[in-house]
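Participant: Right, I'll just put the structure down here and ask away after.
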Amino acid sequence: MGVNPPLNRKLRMGLVGGGQGAFIGRVHVTAAILDNRAVLTAGALSSDPARAKASAPDYDIPPERAYGSFQEMAAAEAKLPPSERIDFVTIATPNHTHFDIAKTFAEAGFNVMCDKPMTFDLKQAEELAKIVERTGVVFAVTHNYTGYPLVRQAREMVLNGDLGEIQAIRAFYIQGWLRTRLEAENQKQASWRTDPARSGAAGCFGDIGTHAYNLGRYITGLIPEQVSCQLKIFEPGRQLDDYGTAIIRYENGALGTVTASQISHGRENDLWIEIDGTKAAIEWHQEEPNKMLVRVNGQPHKLYTRAGGPYLGQLAAMSTRLPSGHPEAFLEAFANIYTAAYNDMAVRASGGKVDASRSIYPNVADGVDGMNFITQCVTSSKEGGAWMPLKHPMCRR
């Protein structure tokens with residue numbers, strides 16, 4: 001996993017969200033401690049104080065560090081000696097709560113690991129980026145698919161020029177779980193994801209379309225210029241989009257598409273991407289993450305495998321834990337985001353200054369980029385697919 005900055009202890013983690021009945025909170029904790037560089041120390045596990053405290057034993061959080069609210073947690077932890085207080089907080093809550101939680105902890109000097117999309121709207125994202133810059137905290141957005149070794153291999157190949165000039169990006173994220181109105185049955189995950197008051201301006205495109213868009217940005221580094229989008233609600237009575245397609249014009253003249261669906265029968269978490277360059281093309285599927293196709297006209301297709309040999313670059317190698325033939329997947333990719341952020345947290349904890357402007361992990365600027373994508377896609381769709389500007393001043397990579 002590379003050379004870690006010196007820090008003679010584990011980082012102390014706080015968790016907001018992840019209480020009984022939640023899914024992603026447990027994923028975060030499992031990933032966070034996978035490499036034995038962090039320990040879960042405190043938590044505010046639910047917006048209901050009683051439920052928050054009742055959930056603490058599920059994570060072995062001691063009663064005195066099980067808080068009834070994130071505000072109580074931030075205030076109490078800040079009063080503890082530096083040798084005891086948490087180093088960072090993970091935010092695993094619905095979208096509309098992200099900003100207040102992240103702002104509270106960042107302004108108190110705590111590093112932040114935040115689920116995506118980063119905030120409820122673009123204005124909040126821009127303000128949060130300014131707070132992060134002012135406070136100097138480490139801030140990561142868990143676009144976890146960027147943690148897969150072969151995604152990082154693809155990024156390195158693009159940066160090395162192995163694909164030539166990038167001309168086309170096709171990214172897809174196809175699911176089927178919202179084919180019916182689960183939200184009408186009070187299914188927890190469906191209820192908040194389809195509620196504009198909690199999810200934000202977009203449904204499917206905010207939830208998974210942002211992953212597909214981010215994957216193309218992460219691998220290629222291309223700066224987006226304009227977007228034209230069509231969002232659709234196919235399930236009658238639903239309030240937010242459950243299908244959508246966007247066309248992106250990039251600064252270098254490349255074209256990209258993002259297609260996201262949550263109403264396609266039989267599809268689970270079918271995220272995949274194809275990238276065409278002047279020298280070669282690649283194809284990678286999240287549901288088979290340990291394989292990547294590399295194609296060149298007139299040559300046999302090449303199948304790259306995770307940990308498959310010396311043809312892999314340093315970035316893929318440092319993101320790999322297991323020998324070839326032993327699959328690594330979702331949790332390990334999540335853990336790669338954490339361990340990359342830990343390197344910066346260790347620097348900060350040792351008194352160093354962190355420049356995360358070009359970090360391996362998605363940072364606050366990527367969070368702004370994602371919220372800008374959502375905002376402009378929704379606006380474009382409302383205007384019949386009109387072309388909208390997509391280049392944001394905080395865009396990077």
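The values are calculated or read from the model by the stated rules, or taken from the named source; none is laboratory data. These numbers were taken from a predicted model, which means no experiment stands behind them. Cβ sites come from the backbone with ideal geometry, for glycine too, and all protein chains shown count toward neighbours.
Participant: Can you name every residue in the stretch 128-167 that is within 23 Å of ARG267 (Cβ to Cβ) and among the small types (Gly, Ala, Ser)?
Facilitator: Across the stretch 128-167, the qualifying residues are GLY147, ALA154.
Participant: Counting just the residues of the stretch 330-359 that are outside any loop (DSSP other than H, G, I, E, B) and among the polar types (S, T, N, Q), which one comes out farthest from the chain's Cα centre (by Cα)?
Facilitator: ASN343
Participant: Of the residues PRO362, PRO323, only one is over 21 Å from the mean Cα position of the chain (by Cα) and either in contact (Cβ under 8 Å) with a residue 12 or more places away in the chain or not assigned by TED's automatic domain parsing to the domain that holds TYR218 (or both); which?
Facilitator: PRO323
Participant: Further, regarding this structure: Which residues, counting only those in the stretch 160-177, are more than 21 Å from the chain's Cα centre (by Cα) and not small (Gly, Ala, Ser)?
Facilitator: ASN160, ASP162, LEU163, GLU165, ILE166, GLN167
Participant: Still on this structure, I have one more. Filter the stretch 192-215 down to the residues that are small (Gly, Ala, Ser) and closer than 20 Å to LEU255 by Cβ, then identify the one that is surrounded by the most Cβ atoms within 10 Å (Cβ to Cβ).
Facilitator: Among those residues, the one meeting the criterion is GLY209.
Participant: Could you please give the count of residues in the stretch 120-163 that are over 20 Å from GLY109 (Cβ atoms), hydroxyl-bearing (Ser, Thr, Tyr), assigned to a helix (DSSP H, G or I) and out of contact with any Phe, Trp or Tyr (no Cβ under 7 Å at 6 or more places or on another chain)?
Facilitator: 1
Let's see how each residue does on (1) of a type outside the set (Phe, Trp, Tyr); (2) over 20 Å from GLY384 (Cβ atoms); (3) free of Cβ contacts under 8 Å to residues at least 24 places away in the same chain; (4) surrounded by fewer than 21 Cβ atoms within 10 Å (Cβ to Cβ):
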{"residue": "ALA190", "(1), (2), (3), (4)": "yes, yes, yes, yes"}
{"residue": "GLY221", "(1), (2), (3), (4)": "yes, yes, no, yes"}
{"residue": "VAL227", "(1), (2), (3), (4)": "yes, no, no, no"}
{"residue": "GLN230", "(1), (2), (3), (4)": "yes, no, no, yes"}
{"residue": "PHE234", "(1), (2), (3), (4)": "no, no, no, yes"}
{"residue": "GLY244", "(1), (2), (3), (4)": "yes, no, no, no"}
{"residue": "ARG249", "(1), (2), (3), (4)": "yes, no, no, yes"}
{"residue": "TRP272", "(1), (2), (3), (4)": "no, yes, no, yes"}
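Participant: Within the stretch 283-316, restricting attention to residues that are among the charged types (D, E, K, R), free of Cβ contacts under 8 Å to residues at least 60 places away in the same chain and part of a strand (DSSP E or B), which residue is surrounded by the most Cβ atoms within 10 Å (Cβ to Cβ)?
Facilitator: Step by step, filter the stretch 283-316, then rank; the result is GLU283.
Yes or no, residue by residue, for (1) in contact with a helix residue (DSSP H, G or I) (Cβ under 7 Å, 6 or more places away or on another chain); (2) under 19 Å from LEU163 (Cβ atoms); (3) modelled with pLDDT of 95 or more:
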| position | (1), (2), (3) |
| --- | --- |
| ASN297 | no, yes, yes |
| GLN314 | no, yes, no |
| PRO323 | no, no, no |
| PRO327 | no, no, no |
| ALA340 | no, no, yes |
| LYS353 | no, no, no |
| GLY370 | yes, no, yes |
| GLY385 | no, no, yes |
| LEU390 | yes, no, yes |
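Participant: Anything in the stretch 103-119 that is on the phi > 0 side of the Ramachandran plot and either assigned to a helix (DSSP H, G or I) or hydrophobic (A, V, I, L, M, F, W, C) (or both)? List them, or say none.
Facilitator: Within the stretch 103-119, none qualify.
Participant: Quick one: how many residues across the stretch 164-210 are within 30 Å of LEU222 (Cβ to Cβ), part of a helix (DSSP H, G or I) and touching an Asp or Glu at 6+ places or on another chain (Cβ under 8 Å)?
Facilitator: 4
Yes or no, residue by residue, for (1) within 30 Å of GLN314 (Cβ to Cβ); (2) crowded, with 21+ Cβ neighbours inside 10 Å:
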{"site": "ALA108", "(1), (2)": "no, no"}
{"site": "THR119", "(1), (2)": "no, yes"}
{"site": "PHE139", "(1), (2)": "yes, yes"}
{"site": "THR146", "(1), (2)": "yes, yes"}
{"site": "GLN167", "(1), (2)": "yes, no"}
{"site": "TYR173", "(1), (2)": "yes, yes"}
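Participant: Of all residues in the stretch 271-282, how many are over 12 Å from ALA168 (Cα atoms) and either out of contact with any Phe, Trp or Tyr (no Cβ under 7 Å at 6 or more places or on another chain) or not in a strand (DSSP E or B) (or both)?
Facilitator: Residues that pass the stated criteria total 1.
Participant: Which members of the stretch 351-392 meet the condition of being in contact with a Pro (Cβ under 7 Å, 6 or more places away or on another chain) and of a type in the set (Gly, Ala, Ser)?
Facilitator: Hit for the stretch 351-392 is GLY370, nothing else.
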